[in-house]
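Notes follow the structure.
The values are calculated or read from the model by the stated rules, or taken from the named source; none is laboratory data. Note that the structure is a prediction, hence the values are computed from the model and not measured. Backbone-built Cβ (ideal geometry, glycine too); neighbour counts: all protein chains shown.
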Amino acid sequence: MGNYMTVKLKLLGIILLLLQSWGLAAQLPTAEQQIQEASKVYEQALTQKNEPLLKSILADNFILTTASGKVLTKKDMMLNLTREGTKYDKFESSEVRISILNEAAIETGKVHTVGIRAGKKIAETTRYTDFWVKIQGKWLLLAEHSSFIANP
């Protein structure tokens, strides 16, 4: 009877441990949710002209190929953020899809951007592909490419 009771207690302990770990796992955001949040932080950094926030979300070797064909680095992005005559009012993303493989993710979608660039008002719609990597537990944007849509 003593062995039977010991086995029952051990089994009960294992079940409780599993239930606790499942509960904790349910509370942790998925990789896809983490990418969605990181993407919001990126847009927030651009609309608020928040240098520390932008610096924190871009990988050091970040590369952006713009819809007009320009290639920008992280340093270029930081300079553009503080440039007079550039102000992004909003980004409206749609058709967003995220594919994750280990510590890398590809986010694709369509974004409508409203603001001022180089002193000129813009209201444009582009398709984008963002390449995210997880470095030291944090998702960083490594590369981005955008293309204009002829008839959005």
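Can you give me the ranges of the strands (runs of 3 or more DSSP E) entirely in segment 65-152 with at least 3 residues that are more than 16 Å from L54 (Cα to Cα)?
It comes to 87-101, 104-117, 120-135, 138-148.
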What are the pairs with Cβ atoms under 6 angstrom where one residue, in segment 136-152, is closer than 23 Å to V41 by Cβ and without any contact (Cβ under 8 Å) to a residue 12 or more places away in the chain and the other, located anywhere, is part of a loop (DSSP other than H, G, I, E, B) and aliphatic (A, V, I, L, M)? Sequence gap at least six, or different chains. none
Here is a check on your reading of the model: is E144 of a type in the set (D, E), within 18 Å of A31 (Cα to Cα), out of contact with any Gly (no Cβ under 9 Å at 6 or more places or on another chain) and at pLDDT 95 or above? no
Residue list for segment 74-103, filter: over 18 Å from A118 (Cβ atoms) and among the hydroxyl-bearing types (S, T, Y): S93, S94, S99
For segment 114-129, give me each residue that is surrounded by 14 or more Cβ atoms within 10 Å (Cβ to Cβ) and out of contact with any strand residue (DSSP E or B) (no Cβ under 7 Å at 6 or more places or on another chain). R117
Total residues in segment 73-113, condition surrounded by 15 or more Cβ atoms within 10 Å (Cβ to Cβ), without any contact (Cβ under 8 Å) to a residue 60 or more places away in the chain and small (G, A, S): 2
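Select from segment 63-102 the residues that are closer than 18 Å to L140 by Cβ and in contact with a His (Cβ under 8 Å, 6 or more places away or on another chain) and list them in ascending order. Step through it out loud before you land on a result.
Step one: of segment 63-102, the residues closer than 18 Å to L140 by Cβ are 63-65, 72-78, 81, 98-102.
Result: L64, T65.
Which residue, of L54, L72, L58, L64, is in contact with a Leu (Cβ under 8 Å, 6 or more places away or on another chain), modelled with pLDDT of 95 or more and closer than 26 Å to N151 by Cβ?
Values: L54 fails: closer than 26 Å to N151 by Cβ; L72 fails: closer than 26 Å to N151 by Cβ; L58 fails: closer than 26 Å to N151 by Cβ.
Of the residues listed, the single one that is in contact with a Leu (Cβ under 8 Å, 6 or more places away or on another chain), modelled with pLDDT of 95 or more and closer than 26 Å to N151 by Cβ is L64.
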Which ones in segment 56-72 are surrounded by 15 or more Cβ atoms within 10 Å (Cβ to Cβ) and either touching a Pro at 6+ places or on another chain (Cβ under 6 Å) or not hydroxyl-bearing (S, T, Y) (or both)? I57, L58, A59, F62, I63, L64, A67, L72
